[in-house]
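Report on the structure given below.
The values are calculated or read from the model by the stated rules, or taken from the named source; none is laboratory data. Quick caveat, the model's predicted, so the values are computed rather than measured. All Cβ positions, glycine included, derive from the backbone under ideal geometry; neighbour counts span all protein chains shown. Surface accessibility is based on the protein's heavy atoms, side chains included, excluding ligands, DNA and RNA. Shrake-Rupley method; radii C 1.70, N 1.55, O 1.52, S 1.80 Å.
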Amino acid sequence: MRAAVLEKLNSPLTIADVEPGPIGTGQALVKVLVSGICGSQLQEIAGNKGNGKFLPHMLGHEGCGIVEETGPGISTVKKGDKVVMHWRKGDGVEADFPVYSFAGRTMRSGKVTTFNQYAIVSENRVTAVPADTPEDFCALLGCGLSTALGTMIDEAKVRPGESVLIVGIGGLGASLVRAAQLVGASPIIAIDIVEAKRGTAASLGADLFIDASTEDARDAIKDLLGTPEVDVIVETSGRPKSIASTLPLLGSGGRYILVGQPQPGESVEIANAYHLFGGEGKSIIATQGGQFLPSRDIPRYTRLQKAGRLRFDDLITHRTTLDGVNDAIGLMRSGRANRMFIDLWS
């Protein structure tokens, strides 16, 4: 099979032939149909996930595939099942790290990888879905869309009519706009430093877009709401400057959700921290995937999609093949793409 392999930090991925090893207890061999590219992969390439000592290895944690073979102990999926491939733990066995053969040597890799045509996956990283579930939707549920929905529903507990500010309109930010719309947030405010994201935010359902490179967010929000403070803020960039500048925009009883992660060693300074104690107080929450629980949530989200209440096609802005994956990663770094997808068999 062909796969994208990270051999050296801060370097292009190697597109090469890789052979899966034996299928062990609690593992499934999955034919990967399509994979998303997440900001987490950019952090892995930079070594910010503590993964530098495990090179070489493969990447990717949100995908759609078909189960080709199952090992001993598997009970939640079977051969022929269409599955969501996800990084959050679901039902089933927590299997050992899989083994592959790469460049004449043994290579271990993550318990789910999706930048490869076939993957040996731990049972608790795949969840079966009905065969007619769209492949792209399955892949979005592996991370981006499921994180966004969980963040709004389970972490921020957004109530209809609450104001929501989404900081960063990349792949995750776009899904957060859609999730905020689904739960009845109003108004939905999007902020980014790339003016080209204005049209994207509007098309997804944002009521206001703020270009932070040229506009004052506090003034723009006050013009819209009559107050410069909002009920919920979700920050996706992880940049300390962005966190510090948007935290004062949180209102009484508000929830500030950190989805993006600062790089190792970075610190965030809260200026005039007294404002956190105003009114009913405020909450700062660092979330892990929006508390997404695959076995609980994937069936719910799949029903919403089939009922026509959860649109997803406009969340994907670019597609590529394995051969084009390094160019796609470069496009993501530029901030000009939202969700980028890899078609593994094109």
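Please report the accessible area of TRP345 (heavy atoms, 1.4 Å probe, ligands and nucleic acids excluded) in Å², nearest 10.
120
For MET1, MET107, give the ranking by accessible area with the largest first, probe 1.4 Å.
In descending accessible area the options line up as MET1, MET107.
Of TYR274, TYR301, TYR118, which has the most accessible area and how do the rest follow, probe 1.4 Å?
Listed by decreasing accessible area, they come as TYR274, TYR118, TYR301.
Among LEU29, VAL93, LEU42, whose Cα projects farthest towards the positive end of the dipole of the stretch 22-121, with charges put on the beta-carbon of Lys, Arg (+1) and Asp, Glu (-1)?
Among LEU29, VAL93, LEU42, the one farthest towards the positive end of the dipole of the stretch 22-121 is LEU42.
Would you tally the net charge around VAL34, using a Cβ to Cβ cut-off of less than 15 Å, leaving VAL34 out, and scoring K and R as +1, D and E as -1?
In short, 0.
If you rank MET332, MET58 by how much accessible surface each has, with a 1.4 Å probe, what is the order from largest down?
On the way: MET332 30, MET58 5 Å².
These residues rank, largest area first, as MET332, MET58.
In the chain, which helices (entire DSSP H runs) extend 20 Å or more along their own long axis, judged by Cα positions, while averaging at least -1.0 on the Kyte-Doolittle scale?
none
Which of HIS318, PRO20, GLY170 sits farthest toward the positive end of the charge dipole of the chain, with +1 on the Cβ of Lys and Arg and -1 on the Cβ of Asp and Glu?
Farthest towards the positive pole: PRO20.
Could you give the dipole magnitude of the chain about its Cα centre, charging the beta-carbon of Lys and Arg +1 and that of Asp and Glu -1, in debye to the nearest 20?
520
Is the stretch 133-269 best put as rounded, prolate or oblate by its Cα gyration tensor, with a ≥ b ≥ c the root eigenvalues, rounded for a/c under 1.5, and otherwise prolate when a/b is larger than b/c, oblate when not?
rounded
Evaluate the relative contact order of the chain (contact order divided by residue number), counting alpha-carbon pairs under 8 angstrom at least 6 apart; express in whole percent.
Worked out over the chain, it gives 18 percent.
Given only helices, namely DSSP H runs of n ≥ 4 each adding -39500 (n - 2.57), what is the per-residue ellipticity at 222 nm of the chain, to the nearest 500 deg cm²/dmol?
After summing the helix terms and dividing by the residues of the chain, the value is -6500 deg cm²/dmol.
Using a ≥ b ≥ c from the Cα gyration tensor of the stretch 210-338 (square roots of the eigenvalues), is it rounded, prolate or oblate, where a/c under 1.5 gives rounded and otherwise the larger of a/b and b/c decides, a/b for prolate? Numbers along the way, then the final one.
Numbers: a/c = 1.79, a/b = 1.42, b/c = 1.26.
Note, shape of the stretch 210-338 comes out prolate.
Given C-alpha coordinates of the stretch 135-195, what is the ratio Rg to Rh with the Kirkwood estimate of Rh?
We get a ratio of 0.98 for the stretch 135-195.
Full extension from ARG319 to LYS79: what is 0.36 nm times the residue separation minus their Cα-Cα distance, to one decimal in nm? Mind showing how you got there, number by number?
On the way: separation 240, 0.36 × 240 = 86.40 nm, distance 2.79 nm.
Stretched fully, the ARG319-LYS79 segment lengthens by 83.6 nm.
Using protein chains only and a probe of 1.4 angstrom, how many square angstrom of VAL112 are accessible, to the nearest 10?
Here the accessible area works out near 20 Å².
May I ask for the Kirkwood hydrodynamic radius of the stretch 303-346, worked out over all distinct Cα pairs and given in angstroms to one decimal?
Details: mean 1/r = 0.0853 Å⁻¹.
It is 11.7 Å.
Can you compute log10 of I(q)/I(0) for the stretch 1-148 with the Debye formula, treating each Cα as one identical point scatterer, at q = 0.16 Å⁻¹?
-0.78
Leaving ligands, DNA and RNA out of it, work out the accessible area of CYS143 with a 1.4 Å probe and give it in Å² to the nearest 10.
10
Round to a whole number: what % of the accessible area of the chain belongs to carbon and sulfur, probe 1.4 Å?
The C+S portion of the solvent-accessible surface of the chain is 50 percent.
Explain nothing, just the number: relative contact order of the stretch 16-94, from Cα pairs under 8 Å at least 6 residues apart, as a whole percent.
Worked out over the stretch 16-94, it gives 37 percent.
What distance in nm separates the simple spin-label points at ASP17 and GLU195, each placed 7 Å from Cα in the Cβ direction?
Rounded to a tenth, the inter-label distance reads 5.1 nm.
Using alpha carbon centroids, what distance separates the stretch 135-182 and the stretch 63-117, in Å?
The two parts, judged by their Cα centres, are 26 Å apart.
Once the stretch 1-67 is represented by equal point scatterers at the alpha-carbon sites, with solvent omitted, what log10 I(q)/I(0) does the Debye formula produce at q = 0.13, 0.27 Å⁻¹?
-0.41, -1.28
Does the chain classify as rounded, prolate or oblate by the C-alpha gyration tensor (a ≥ b ≥ c root eigenvalues; a/c under 1.5 gives rounded; else a/b over b/c gives prolate, otherwise oblate)?
Judged from the Cα gyration tensor, the chain comes out prolate (a/c at least 1.5, a/b above b/c).
Label LEU225 and ALA103 with points 7 Å out from Cα along Cα→Cβ: what is the distance between them in nm?
Label-label distance for LEU225 and ALA103, simple model: 5.1 nm.
For the chain, what is the accessible area per residue in Å² when the probe is 1.4 Å?
Heavy-atom SASA per residue in the chain reads 41 Å².
Express as a percent, rounded to the nearest 5, the fraction of DSSP beta bridges in the chain (both residues included) that run antiparallel.
60
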